[in-house]
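Notes to accompany the following structure.
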Number of protein chains: 4
Amino acid sequence: MPRKPNTDCRRAEIITALQAVIARQGYEKASIQAIAKEAGLAPGLIHYHFKNKQEILVLLVRKLADYGQQRFEQIAAQAGSPEARLHAYLEARLGLGEGAAPDAVAAWVMIGAEAVRQKEVRDIYQQAVAQELLLLTALLGECLIAQGSDAGKAAELAAGLLAMMAGAYQLSSSAGSVMPVGYAAHAAKTYARLYLDAVPTA
Amino acid sequence: MPRKPNTDCRRAEIITALQAVIARQGYEKASIQAIAKEAGLAPGLIHYHFKNKQEILVLLVRKLADYGQQRFEQIAAQAGSPEARLHAYLEARLGLGEGAAPDAVAAWVMIGAEAVRQKEVRDIYQQAVAQELLLLTALLGECLIAQGSDAGKAAELAAGLLAMMAGAYQLSSSAGSVMPVGYAAHAAKTYARLYLDAVPTA
Amino acid sequence: MPRKPNTDCRRAEIITALQAVIARQGYEKASIQAIAKEAGLAPGLIHYHFKNKQEILVLLVRKLADYGQQRFEQIAAQAGSPEARLHAYLEARLGLGEGAAPDAVAAWVMIGAEAVRQKEVRDIYQQAVAQELLLLTALLGECLIAQGSDAGKAAELAAGLLAMMAGAYQLSSSAGSVMPVGYAAHAAKTYARLYLDAVPTA
Amino acid sequence: MPRKPNTDCRRAEIITALQAVIARQGYEKASIQAIAKEAGLAPGLIHYHFKNKQEILVLLVRKLADYGQQRFEQIAAQAGSPEARLHAYLEARLGLGEGAAPDAVAAWVMIGAEAVRQKEVRDIYQQAVAQELLLLTALLGECLIAQGSDAGKAAELAAGLLAMMAGAYQLSSSAGSVMPVGYAAHAAKTYARLYLDAVPTA
DNA sequence: CATGAATGAGCTTTCATTCAT
DNA sequence: GATGAATGAAAGCTCATTCAT
């Protein structure tokens with residue numbers, strides 16, 4: 001009587017545990033022991049399910065990147081004007097950045113640092129950034145078209161907004177107490193609004 | 001004939017070496033061996049000049065924070081309109097962020113991640129962020145007053161700009177190749193310009 | 001099939017190994033390598049079973065103190081006169097001090113030196129000394145009462161005997177060859193006998 | 001104009017500094033840096049005056065042993081009865097052991113532990129112990145002869161008294177607070193008095 | 001699948017000793 | 001004589017990884 005395989009769920013548990021530990025400790029200090037403890041598993045089991053620590057990290061990066069992507073798809077699927085979608089997007093990203101899922105945000109910040117030194121992480125991280133940039137550009141492009149403007153300026157604004165988002169994540173994790181409360185979503189919306197308004201209609 | 005102390009210069013060398021290594025490897029992977037090699041010194045000498053690794057980090061954080069502060073003071077000392085000073089400031093910060101001193105920028109990004117997990121680093125980091133926020137707020141306040149507006153909105157804009165700057169640093173270090181070239185300084189100036197223009201004159 | 005834990009026995013082995021090494025080398029020179037070698041284990045395993053070296057020491061001190069306590073209880077449980085118990089006690093302590101368990105004696109001497117500089121060791125050591133003093137005082141008190149004297153003088157004699165015992169341990173470990181053979185148990189018994197006889201009966 | 005050599009006084013300063021540090025820290029933890037700091041000298045100077053750390057230790061052991069010897073000679077030089085000399089001796093040794101020169105006593109205790117593991121130290125330590133034993137035996141022999149008894153029993157009593165003294169030193173350094181105040185000199189005198197009285201006159 | 005003991009490399013840190021000045 | 005920088009070998013400790021059970 002073979003056991004029912006539970007590999008998939010164990011793997012997910014372990015990845016989630018790494019997310020929690022990495023958010024507190026960073027990747028280097030996220031020891032296998034600590035991950036196992038967080039997941040409530042025996043240390044030896046980690047290497048049964050994963051070849052090595054790096055593999056868990058890679059899958060966590062993918063998971064977090066996909067999570068953002070899914071959120072966008074939900075938003076995109078929503079009915080409503082381009083501008084409504086943009087607001088929903090920024091709210092989803094930056095409302096979250098300020099307390100909603102500090103775990104995921106801090107983990108993402110740590111991964112950003114890890115991306116500086118590990119090519120494998122950097123590749124996935126850059127892919128996620130590029131994708132996000134594309135999505136945001138598309139979203140802004142729709143807004144511009146909806147107001148009868150040329151969509152060409154969307155890329156520039158998207159880059160600025162993405163930087164603002166990345167910075168808001170970083171600062172909320174490391175210096176949240178010295179920043180104004182809840183500034184980020186509002187600042188991003190204002191920036192977008194002013195910028196879009198400034199693009200001349202065709 | 002007593003030997004002439006050279007501690008100050010050695011300490012500076014070691015701090016600079018840590019900056020270089022931390023920019024490539026992060027703090028955890030910046031081993032004493034690696035720092036010593038970077039500085040061209042024997043490993044044991046590091047601990048002759050510093051109590052421990054943490055002390056070097058703390059001094060590096062201070063040095064980088066002071067560096068930014070000094071740059072601002074140079075700018076502030078320059079003659080010119082508030083707006084000219086603002087532009088000079090953003091150029092100094094973000095021109096730098098895009099290639100001028102990648103070493104310092106990457107080190108600062110790594111330190112931001114370290115700040116998430118180490119209280120001692122976090123405290124200094126937050127102090128630096130708070131200081132930067134004050135400077136930027138003051139700078140923007142002058143701009144608003146110069147155009148006959150109320151300075152009250154300066155803090156909000158300052159927070160948004162600071163986030164954009166932090167994000168630009170982060171992305172330039174970890175995903176520079178997927179971002180548009182030289183977007184950051186321009187995006188920040190545009191954001192500031194549009195925002196300031198939108199504040200009604202008294 | 002979970003693996004059966006063997007931590008308790010491994011810990012005991014390691015503590016015993018420390019006792020052997022400390023008896024030869026003292027605590028500072030009892031390196032983890034040396035302890036591991038003595039126990040026939042890999043060095044890394046020591047820190048799997050113990051948080052740090054200090055923890056092993058503390059447990060060794062406790063073990064040795066308890067060992068003395070148990071010996072006393074065996075003696076106290078024996079039938080016989082107070083004086084017989086006293087003789088058995090001194091024989092147990094000082095016969096031991098002169099060859100019976102040189103390992104434990106030398107380790108105890110080294111621990112006494114360590115107690116001078118480490119508060120944590122000192123606390124346990126003092127507790128053991130205080131306990132021994134109480135036991136000896138009680139034992140002597142019974143002797144005095146048995147001969148119809150006041151038990152008040154017991155404390156003074158107990159202190160003197162304890163010092164003689166501690167000194168005999170010290171000298172047997174560091175200068176055994178220059179002391180008369182087997183003097184200690186006899187000297188202690190003589191001291192006790194003369195002292196007790198000198199206390200007036202009520 | 002040649003400098004006046006101050007080697008002898010420097011060496012004495014360094015030896016005294018080792019005594020102070022060893023009393024607090026033990027020999028292993030008495031680093032050259034710590035000794036130099038205690039003596040108010042530059043670290044490099046230590047090895048100018050001494051071949052190595054061991055040499056300082058050896059000289060300290062000699063110094064402490066000689067110190068005891070000198071004290072005895074002063075006593076021996078005093079006029080008075082053998083018994084008066086014995087009392088003066090015990091007072092000198094054990095009054096000292098209970099607070100008068102805790103520095104020297106603690107250092108001696110540490111050296112006793114070091115003697116267990118270092119042959120070179122052990123040799124000097126044993127020599128000092130043997131010498132002390134001889135002195136004490138002689139002193140007690142005089143007392144016995146003065147009372148018309150045979151001096152043969154002196155050695156046995158001397159050994160017991162020496163152990164009591166060594167133990168009093170050990171306990172005053174490591175567990176002074178749990179022992180009765182000032183017990184040692186009195187206990188030793190009582191022990192000697194009772195023992196001497198019990199030896200039959202010829 | 002699961003457990004937890006075991007291994008050994010690598011880290012930070014301490015320190016006796018040497019040596020240029 | 002004197003200074004203090006410099007060296008390199010060890011120490012304690014952490015940890016990814018392996019493996020017997």
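The values are calculated or read from the model by the stated rules, or taken from the named source; none is laboratory data. Everything numeric in this text was worked out from a predicted model, so none of it was measured. In this analysis, Cβ positions are derived from the backbone assuming ideal geometry, glycine residues included, and neighbour counts consider all displayed protein chains. Remember, those area values only see protein heavy atoms, side chains included, never the ligands or the DNA or RNA. Shrake-Rupley method; radii C 1.70, N 1.55, O 1.52, S 1.80 Å.
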Computed magnitude of the charge dipole of segment A:58-198 (debye, nearest 20; Cβ of K, R +1, Cβ of D, E -1) | 180
Net dipole in debye of segment C:1-133 [+1 Lys, Arg Cβ; -1 Asp, Glu Cβ; about Cα centre; nearest 20] = 560
Rounded to the nearest 10 Å², what accessible area does D:Val181 show when all protein chains are kept and the probe is 1.4 Å?
-> 150
Applied in sequence order to segment C:178-186, the curve 6.51 cos²θ - 1.76 cosθ + 1.60 (Karplus, θ = phi - 60°) yields integer Hz couplings, x standing for Gly and Pro, of 9, 9, x, 5, x, 6, 5, 4, 5
Among the Cα-Cα pairs of the protein assembly as shown, the proportion with separation greater than 54 Å, in percent, is 40
Helix-only [θ]222 nm of the protein assembly as shown, DSSP H runs n ≥ 4, -39500 (n - 2.57) each, per residue, nearest 500 = -25000 deg cm²/dmol
Could you calculate the FRET efficiency of C:Ala202 with A:Ser177 from 1/(1 + (r/R0)^6), where r is the beta carbon distance between them and R0 is 60 Å, rounded to 0.05?
-> 0.20
If you place +1 on the Cβ of every Lys and Arg and -1 on the Cβ of every Asp and Glu, how big does the dipole about the Cα centre of segment C:1-69 come out, in debye to the nearest 20?
-> 160
The answer for the longest stretch of chain B without any exposed trypsin sites (Lys or Arg not before Pro) (DSSP loop, at most 12 further Cβ atoms within 10 Å) is B:52-202
Taking a probe of 1.4 angstrom, what is the accessible area of B:Ile15 in Å², to the nearest 10?
-> 20
Of all alpha-carbon pairs in segment A:107-150, indicate the percentage at a distance above 16 angstrom.
-> 50
Calculated FRET efficiency for the pair D:Arg24/C:Ala130, C-beta based, R₀ 22 Å, to 0.05 = 0.40
Summed over the other residues with a beta carbon less than 12 angstrom from that of C:Ser149, with K and R at +1 and D and E at -1, the charge totals -2
Calculate the length of the line joining the C-alpha centroid of segment A:127-156 to that of segment B:1-70, in whole Å.
-> 44
For segment B:144-157, 3J(HN,Hα) per residue [Karplus equation, 6.51 cos²θ - 1.76 cosθ + 1.60, θ = phi - 60°, Hz, x = Gly/Pro] | 5, 5, 4, 9, x, 10, 7, 7, x, 7, 4, 4, 4, 5
Within the set of other residues whose C-beta is less than 10 Å from the C-beta of A:Ala106, count the net charge using Lys and Arg as +1 and Asp and Glu as -1.
-> +1
Over the protein assembly as shown, with neighbouring protein chains present, the accessible area per residue in Å² at probe 1.4 Å is 45
Only residues of segment B:62-83 count here: report those whose backbone N is under 20 Å from the spot 7 Å along Cα→Cβ of B:Ile145, or say none.
-> B:72-83
Give the relative contact order (percent, whole number) for chain A; include only Cα pairs under 8 Å separated by 6+ residues.
-> 22
Can you pull the semi-axes for segment A:58-198, root of five times each eigenvalue of the Cα gyration tensor, sorted largest first, whole Å?
-> 25, 18, 14
Sorted by chain and then number, the residues having a modelled amide H within less than 5 Å of the amide H of D:Ser149, at least 5 places away or on another chain, are D:Ala202
Return the sequence-ordered ³J(HN,Hα) values of segment B:21-37 in whole Hz as given by the Karplus equation 6.51 cos²θ - 1.76 cosθ + 1.60 applied to θ = phi - 60°, using x for Gly and Pro.
-> 6, 5, 5, 8, 10, x, 5, 4, 8, 7, 6, 4, 4, 5, 5, 4, 4
Long pairs among A:Lys53/B:Lys37; B:Lys153/B:Lys189; C:Lys51/D:Lys119, criterion Cα-Cα beyond 22 Å = A:Lys53/B:Lys37; C:Lys51/D:Lys119
Fraction of accessible area attributable to carbon and sulfur, chain D (%, probe 1.4 Å) | 56
Provide the buried accessible surface between chains A and B in square angstrom, both chains summed, 1.4 Å probe, rounded to the nearest 100.
-> 3700
Threshold 30 Å², segment B:112-130 residues less accessible with all protein chains present than alone (1.4 Å probe) | B:Ala113, B:Val116, B:Arg117, B:Tyr125, B:Gln126, B:Val129
